[in-house]
1. Just one of (1) in contact with a Gly (Cβ under 6 Å, 6 or more places away or on another chain); (2) within 24 Å of Ile98 (Cα to Cα) trips up Trp272, so point out which.
2. I'm trying to understand the selection: among the residues of segment 198-244, which are within 12 Å of the ligand (Cβ to nearest atom) and in contact with an Asp or Glu (Cβ under 8 Å, 6 or more places away or on another chain)?
3. Identify the residue in segment 273-288 that is more than 17 Å from the chain's Cα centre (by Cα) and surrounded by fewer than 16 Cβ atoms within 10 Å (Cβ to Cβ) and, among all such residues, is farthest from the ligand (Cβ to nearest atom).
4. Which of the residues belonging to segment 146-159 are assigned to a loop (DSSP other than H, G, I, E, B), within 13 Å of the ligand (Cβ to nearest atom) and closer than 14 Å to Ile211 by Cβ?
5. Restricting segment 316-351 to residues that are β-branched (Val, Ile, Thr) and assigned to a loop (DSSP other than H, G, I, E, B), which is surrounded by the fewest Cβ atoms within 10 Å (Cβ to Cβ)?
6. Over 28 Å from Ile250 (Cβ atoms) and buried (at least 23 other Cβ atoms within 10 Å of the Cβ) - does that describe any residue in segment 82-98?
7. Within segment 169-259, considering only helices (runs of 4 or more DSSP H) that don't extend past its boundaries, which have at least 2 residues that are in contact with a Phe, Trp or Tyr (Cβ under 9 Å, 6 or more places away or on another chain) and on the phi < 0 side of the Ramachandran plot?
8. Do any residues in segment 4-22 that are closer than 13 Å to Ile43 by Cβ and among the aliphatic types (A, V, I, L, M) have Cβ atoms under 9 Å from those of residues that are surrounded by fewer than 24 Cβ atoms within 10 Å (Cβ to Cβ) and modelled with pLDDT under 95, where the two are at least six apart or on different chains, and which pairs are they?
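The values are calculated or read from the model by the stated rules, or taken from the named source; none is laboratory data. It should be emphasised that the depicted structure is a prediction, and the values quoted were computed from it without experimental measurement. Positions of Cβ are generated from backbone atoms using ideal geometry, with glycine treated the same way; all protein chains shown enter the neighbour counts.
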Amino acid sequence: MIPTLEWLPTGVNFLDQTKLPLEETYVLATDYKQVATVIRDMIVRGAPAIGVSAAMGMAIGIDRSIATTLPALTEEVALIAKTLAETRPTAVNLFWGIDEIRNLYIQLAAKDTAISEIKSAVVAKARRMYDEDIAACKQMGAHGASLLPKEGTVLTHCNAGALATCGYGSALGVIRAAIERGHKIDVFADETRPFLQGARLTAWELMKDNIPTTVLCDNMAASLMRQGRIQAVIVGADRIAANGDVANKIGTYGVAILAKEHNIPFYVAAPWSTLDLATAHGDSIPIEQRDAREVTHSNGKQMTPNGVAIENPAFDVTPAKYVTAIITERGVLTAPYNNSIRAMSKQTESE
Ligand code: MRU
């Protein structure tokens, strides 16, 4: 399995996704500030991977703290959480990852636990979250595999694979699971301008697994759908509102509309940590605006005239009405999502 990120005795080691597919290099973050930089600069990216990275950032910050009293450590924990929370706004997994560790810290501090014990507990928790993320991806695969065609071509947008998680992937995990169960699936990977997660990352990791993959420019999907060459679409998500609206990589919304027009199922695969029940609908999801240079330049070369205005929203929102089903590790959700999400949330709470 591709080691997207890894807790080591020396720090948190990240596969540098900005260098793929040409270079397989790693960046070792030895303190929480470096973890924050790694997330902001998209050395690690993809909502589930960001969530676990944030948890590891919290854990390394607490573990390496030189505070000798709980009040001093509590102040530091607030600063660590703030620094990590300011990296990227859209993927709710980031805030989930921070909260998981912060809540554990608060619980232990309230019981006057020794600082050394708190340190071991938060590190153990962050490492468990890594394992649980891989297990969640496998479960999404088990729940979603039968939704994909027995034979055909599946379109995906961005990278919701092993590289976007701790391993196996969400959307690409469902594709992997279907193939493991005997489906004959070819993948069309949208290149995903401007950061090229599809061309660089999805193509790289699927080729490593010998999954037949073809890269498309983002503007080619419509024509291929019209020709009957796409049987299903599956993507990941950065945040799913309580009504089932899905924030995902910019361009996803267009693909969803195209899929509906051509009667092609449009699936979203995401762990439960991507659901944001506190956000009623997609219009309230904060959308990250990134540096214009990602659009103006390609491989260091300027592609646009000096001074031209640029838009670079990193995500868009696909209204729930375009989503055929949402595949989670707890099961498959269908419309009306307000009801199905609430019901599955309650069911798991009572178990
Ligand atoms: O900007 P990125 O590369 O972090 O955006 C990633 C995506 O939009 C993914 O589709 C999403 O996070 C789901 S990853 C399992």
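1. Of everything listed in (1) in contact with a Gly (Cβ under 6 Å, 6 or more places away or on another chain); (2) within 24 Å of Ile98 (Cα to Cα), Trp272 misses just condition (1).
2. Gly198, Arg239, Ile240
3. By that ranking, first place goes to Ala280.
4. Just the residues of segment 146-159 that are assigned to a loop (DSSP other than H, G, I, E, B), to begin with: 148-150, 157-159.
So of that shortlist, the ones also within 13 Å of the ligand (Cβ to nearest atom) come out as 157-159.
Of everything in segment 146-159, just one residue is assigned to a loop (DSSP other than H, G, I, E, B), within 13 Å of the ligand (Cβ to nearest atom) and closer than 14 Å to Ile211 by Cβ, namely Asn159.
5. Step one: list which residues in segment 316-351 are β-branched (Val, Ile, Thr), which gives 317-318, 323-324, 326-328, 332, 334, 341, 348.
If we keep only those that are assigned to a loop (DSSP other than H, G, I, E, B) too, we end up with 323-324, 334.
On the way: Val323: 25, Thr324: 19, Thr334: 12.
The residue in question is Thr334.
6. So in segment 82-98, the residues over 28 Å from Ile250 (Cβ atoms) come out as none.
Within segment 82-98 (the criterion being over 28 Å from Ile250 (Cβ atoms) and buried (at least 23 other Cβ atoms within 10 Å of the Cβ)), the answer is no, since none of the residues qualifies.
7. Working: elements: 171-180, 203-208, 221-226.
The helices (runs of 4 or more DSSP H) meeting that bar are 171-180, 221-226.
8. Pairs that qualify, where the first residue is closer than 13 Å to Ile43 by Cβ and among the aliphatic types (A, V, I, L, M) and the partner is surrounded by fewer than 24 Cβ atoms within 10 Å (Cβ to Cβ) and modelled with pLDDT under 95, are Leu15/Ile2; Leu15/Pro3.
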